[in-house]
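Let me begin by presenting the structure, written as structure tokens, before commenting on it.
The values are calculated or read from the model by the stated rules, or taken from the named source; none is laboratory data. The structure presented is a predicted model; accordingly, all values stated were derived computationally and were not measured. Note that we place each Cβ from the backbone using ideal geometry, even for glycine, and neighbour counts take in every protein chain shown.
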Amino acid sequence: MPALRVVTSKMSALEYDGGSKFMRKAKENPFVPIGMAGFFTIVGYRLFRLKSRGDMKMSVHLIHMRVMAQGFVVGAITVGVIYSMYKDYIVKPREELKALQQETKQRTPQMNMD
């Protein structure tokens with residue numbers, strides 16, 4: 001049975017440790033698991049290719065692997081930030097404007113009848 005603990009104000013009163021915390025974070029920012037998956041995929045592939053690196057030095061091969069993996073993670077985080085900004089500054093104001101316009105349309109006929 002997972003352990004329960006009390007959490008801070010931004011989260012619910014109780015939270016499960018382990019998998020559910022990861023799932024909650026993944027729902028809040030889906031690009032983090034994508035970045036992690038890409039990181040581990042690149043590292044795994046480059047370690048698999050370690051045998052056939054030819055005459056390339058081990059340190060150079062490892063540096064290339066690290067740069068590729070970090071580049072993927074930074075790219076995923078950047079896309080996530082851009083997506084979050086798009087939702088917060090473009091989609092959300094549009095929805096609020098539509099809701100305000102619908103509310104105004106609903107009030108207008110009532111005002112004309114009075």
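You will find that of K57, K27, the residue that is out of contact with any Gly (no Cβ under 6 Å at 6 or more places or on another chain), loosely packed, with under 11 Cβ neighbours inside 10 Å and over 27 Å from I82 (Cβ atoms) is K57 and no other. List the number of the failed condition for L4; all other conditions in (1) at pLDDT 85 or above; (2) over 24 Å from the mean Cα position of the chain (by Cα) hold. For L4, the failing item is (1).
Surrounded by 12 or more Cβ atoms within 10 Å (Cβ to Cβ) and not small (G, A, S), is that true of V74? No; evaluated as a whole, the condition is false for this residue.
Here A37 meets the list (1) closer than 30 Å to M85 by Cα; (2) at pLDDT below 85; (3) not aromatic (F, W, Y) almost entirely, failing just condition (2). Determine if the range 69-82 includes at least one residue that is over 12 Å from F31 (Cβ atoms) and touching a Gly at 6+ places or on another chain (Cβ under 9 Å). Within the range 69-82, one or more residues are over 12 Å from F31 (Cβ atoms) and touching a Gly at 6+ places or on another chain (Cβ under 9 Å).
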